[in-house]
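One structure is given below, encoded as structure tokens.
The values are calculated or read from the model by the stated rules, or taken from the named source; none is laboratory data. Nothing here was measured: the structure is a model prediction, and the numbers come from that model. A quick note on method: Cβ atoms are made from the backbone with ideal geometry, for glycine too, and the neighbour counts reach across all protein chains shown. Surface accessibility is based on the protein's heavy atoms, side chains included, excluding ligands, DNA and RNA. Shrake-Rupley method; radii C 1.70, N 1.55, O 1.52, S 1.80 Å.
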Amino acid sequence: MHPFVYAAPSTVKEAVEILTKHGDKARPMAGGTDLLVQIRGGRFDLDMVVDIKKIPELTSVTNNNDGLVIGSAVACHQLYEDDDISKNYPGLIDAATLIGGIQIQSRSGFGGNLCNATPSADGIGPLIVHSTVANIQGESGTRSIPVEEFCTGPGRNALGKGEMLVSLSIPNKGKGFGAAYERFIPRNEMDIAVAAVASSILVGSNGKISEARIALASVGPTPIFAKKASDFLIGKEANEASFKEAAAIAKSECSPIEDMRGTIEQRQHLVEVITLRTLNKSLERIEG
Amino acid sequence: MSIQKIHVKTTINGRPEEFLTDPYVSLLDALREIVGLTGSKEGCLDGNCGACTVSINGKIVDSCLVLAAEVDGQNLETVEGMATADGLHPLQQAFLEEAALQCGICTPGFLVAAKGLLDNEPDPSEERIRHWLAGNLCRCTGYENIIKAVKKVAENS
């Protein structure tokens with residue numbers, strides 16, 4: 001690999017100072033499963049890699065009745081090995097158990113997945129449908145933004161110079177909430193989505209949907225929050241007929257390209273099919 | 001830019017180990033070229049093939065995607081730690097009996113990964129074994145004999 005210095009600060013403040021000082025020449029490393037591949041491939045010319053895993057708050061998970069706070073360097077396995085988190089955050093767990101293989105899940109997590117901002121990221125759609133807020137720290141202080149505003153283009157994110165993602169806050173929607181994530185890949189494991197959809201619904205005791213969120217991956221320059229399809233579901237009965245209509249709307253909200261993985265038409269079709277499937281699965285999980 | 005080497009103190013296969021490494025060296029390269037443990041293999045260098053699988057604090061990882069500098073204070077296990085003075089590890093024996101290898105490049109990774117599964121889940125289903133080993137590629141065997149070997153150890157344990 002191209003020579004770089006390894007820094008392992010023990011506080012966020014220290015990490016922010018290093019990142020501010022070095023600008024584009026430094027990059028934070030969480031699991032490193034993307035970063036080290038990118039460095040080998042020559043995508044970055046770095047003087048310094050900042051390992052953020054020695055900062056205790058970034059590798060810890062706080063889970064209580066209000067919600068979940070995931071440090072930005074928490075690895076996938078830390079989530080799916082916890083029964084309570086698995087029960088309350090099913091969309092996240094769908095993604096955590098299919099990002100890479102077990103070796104990758106030992107290291108990679110939602111923070112790095114989000115910051116890498118790839119259009120096909122398995123973790124971002126589930127974060128969106130779980131109404132996640134990204135907590136950011138920089139030299140001038142902290143700020144929080146909805147996760148659907150975090151990705152600004154392929155591989156680009158909303159972080160300014162010296163800023164870093166500290167944690168992800170995810171509300172616990174409680175009873176009546178269901179979520180699911182599915183992707184289409186030609187293999188059974190270890191592949192990049194041709195198209196993928198995450199869905200969530202919150203259903204009241206009257207059987208009507210009070211909240212809904214649908215997010216699409218691999219069908220646009222960033223993961224897409226399908227707002228029209230999501231809004232359509234509010235106030236509707238939670239059933240297949242409503243889901244079918246929402247799926248058709250979601251199809252109209254994607255803007256895929258044609259590449260070696262799939263055609264535009266195939267991807268649009270997949271969005272409709274997987275939206276319906278994930279909405280049905282979300283409902284099954286509520287009823288189950 | 002002059003870059004200082006990093007002093008790493010770690011435990012490998014139960015033995016304390018110290019080495020000096022450049023900060024931009026992967027754990028895989030440090031194991032093979034500095035520590036002299038060449039069992040872990042380099043395959044794809046991007047997290048697909050699992051030939052470099054080792055365990056850190058009981059979790060299997062691709063050592064090509066870990067910096068050597070990161071493992072200071074950690075507990076590592078590699079394929080070299082599997083056989084003992086008493087003989088081969090049951091997984092190694094089963095791989096031989098079931099012809100679960102041909103060229104052998106992927107084998108250390110499969111062994112360490114499979115051990116990572118059986119250490120925590122002694123009786124996994126075939127589906128679970130296949131899912132667990134999805135991060136390891138083999139170009140020779142077609143996987144069937146590898147799955148058979150792992151199942152055999154699980155059933156005999």
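Numerical summary
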item	result
Separation between Cα centres of the stretch B:2-43 and the stretch A:268-288, rounded to whole Å	46
Net +/- balance of residues flanking B:LEU28 in space, Cβ distance below 13 Å, scoring K and R +1, D and E -1	-3
Fraction of accessible area attributable to carbon and sulfur, the stretch A:88-222 (%, probe 1.4 Å)	49
Summed buried accessible area for B+A [probe radius 1.4 Å, Å², rounded to 100]	2400
Cβ-based net charge around B:ASN145, under 11 Å, with every Lys or Arg adding one and every Asp or Glu removing one	0
Euclidean distance of C-alpha centroids, the stretch A:1-24 and the stretch B:78-140, integer Å	38
Computed log₁₀ I(q)/I(0) - Debye formula, equal Cα scatterers, no solvent, chain B, q 0.12 Å⁻¹	-0.50
Using θ = phi - 60° and Karplus 6.51 cos²θ - 1.76 cosθ + 1.60, couplings along the stretch A:166-182 (whole Hz; Gly, Pro as x)	9, 7, 10, 9, 10, x, 8, 7, x, 4, x, 9, x, 8, 7, 10, 9
Neighbourhood charge, 13 Å Cβ-Cβ cut-off, centred on A:LEU159 and excluding it, Lys, Arg +1 and Asp, Glu -1	0
Whole-Hz couplings from phi, Karplus 6.51/-1.76/1.60, listed for the stretch A:189-199; x for Gly and Pro	9, 6, 8, 9, 4, 6, 7, 8, 9, 10, 9
Longest to shortest principal axis, alpha-carbon extents of the stretch A:1-120, angstrom	43, 29, 22
Whole-Å distance, taken between Cα centres, linking the stretch A:219-253 and the stretch A:97-121	25
Charge dipole magnitude, Cβ of K and R +1, D and E -1 - the stretch A:1-118, Cα centre, debye nearest 20	420
Label-point separation in nm, B:ALA83 to B:LYS9, each point 7 Å along Cα→Cβ	3.2
The stretch B:1-75 shape via C-alpha gyration tensor axes, a/c threshold 1.5	oblate
Reach of A:LYS175 by Cα under 21 Å, taken over lysines that are not fewer than 8 positions away in the same chain	A:LYS87, A:LYS208, A:LYS236, A:LYS281
Distance in nm between pseudo-label sites at B:GLN102 and B:GLU18 (7 Å out along the Cβ direction from Cα)	4.7
Charge dipole of the protein assembly as shown about the Cα centre (unit charges at C-beta), most positive-ward option of A:VAL147, A:ALA241, B:GLY116	A:ALA241
Whether the protein assembly as shown is rounded, prolate or oblate, judged on the alpha carbon gyration tensor where a/c under 1.5 counts as rounded	oblate
Whether the stretch B:80-157 is rounded, prolate or oblate, judged on the alpha carbon gyration tensor where a/c under 1.5 counts as rounded	rounded
Among A:ILE55, A:ILE274, A:ILE201, residue whose mean-square fluctuation peaks in a GNM of chain A (springs only between Cα atoms under 10 Å)	A:ILE55
